[in-house]
Amino acid sequence: MKLLINLKYFFKVIRRCILIINSFKMKNIFFYLILFSISSIFSQDITFVNSELHLENDAPFSEATIVNGIIYLSGEIGTSPNDKVVDGGIIPETIQALSNIKNKLERMGSSIDNVFKCTCMLSDIKDWPEMSKAYKTFFKEEKLPSRSAFAGSGLALNAKIEIECMATLKNKY
């Protein structure tokens, strides 16, 4: 019975809205409202982020892009400041790659706490358990980002891992 009363009220409201929209003045307002809504959907503020060093290396990609407050970081491998992959295998490479991500996010006004999605590309899927242990040390247990991990071949500089991530520009919570 209660559902029937709610449905009657719903249809009554819909009929009133249709009557209002059918008036000439409301048609114009309705048209402009739709036009404004559509234009705001398609307008996006995009920022391309590149350090001086990255630009000097003439890489074919941006280090990051920021779209409407979301940071999309390009893949990071475990390179030290001299652009060499760190020695020692999957654990040191994972730690270095995540350190590089953390540093870049902080330079952009964000933090590792704002990461909500990571994609981990491994050169060998057998490294997954060790990579996961090192990976977890960078995030608070209650703020583990969603993650995908897969293995492929031919990572840059023969790295064992490459990690890309998405984060919010500022902590909104």
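Descriptive notes on the structure:
- Summed residue charge, Cβ within 14 Å of Met108's Cβ, Lys/Arg positive, Asp/Glu negative: 0
- Translational D in µm²/s for the range 62-143 (Stokes-Einstein at 20 °C, 1.002 mPa s, Kirkwood Rh from C-alpha pairs): 159 µm²/s
- The range 60-103 and the range 109-150 have their alpha-carbon centroids 12 Å apart.
- Each other residue within a Cβ distance under 11 Å of Thr79 adds +1 if Lys or Arg and -1 if Asp or Glu, for a net charge of -3.
- Sites matching trypsin sites (Lys or Arg not before Pro) across the range 96-151 that sit in DSSP coil, with at most 14 neighbouring C-beta atoms within 10 Å: Lys140
- Flagged links, alpha-carbon separation over 18 Å, of Lys84/Lys140; Lys84/Lys160; Lys143/Lys170; Lys133/Lys170: Lys84/Lys140; Lys133/Lys170
- Under Karplus coefficients 6.51, -1.76 and 1.60, residue-wise ³J(HN,Hα) of the range 56-73 in Hz, glycine/proline x: 5, 6, 6, 5, x, 7, 7, 5, 7, 10, 10, 10, 6, x, 10, 8, 10, 7
Any read-out appearing in this document is the output of simple, stated calculations on the displayed coordinates, not a laboratory observation. All values derive from a computational prediction rather than experimental measurement. Quick reminder, even Gly has a Cβ in these numbers, built from the backbone with ideal geometry, and neighbours come from all protein chains shown.
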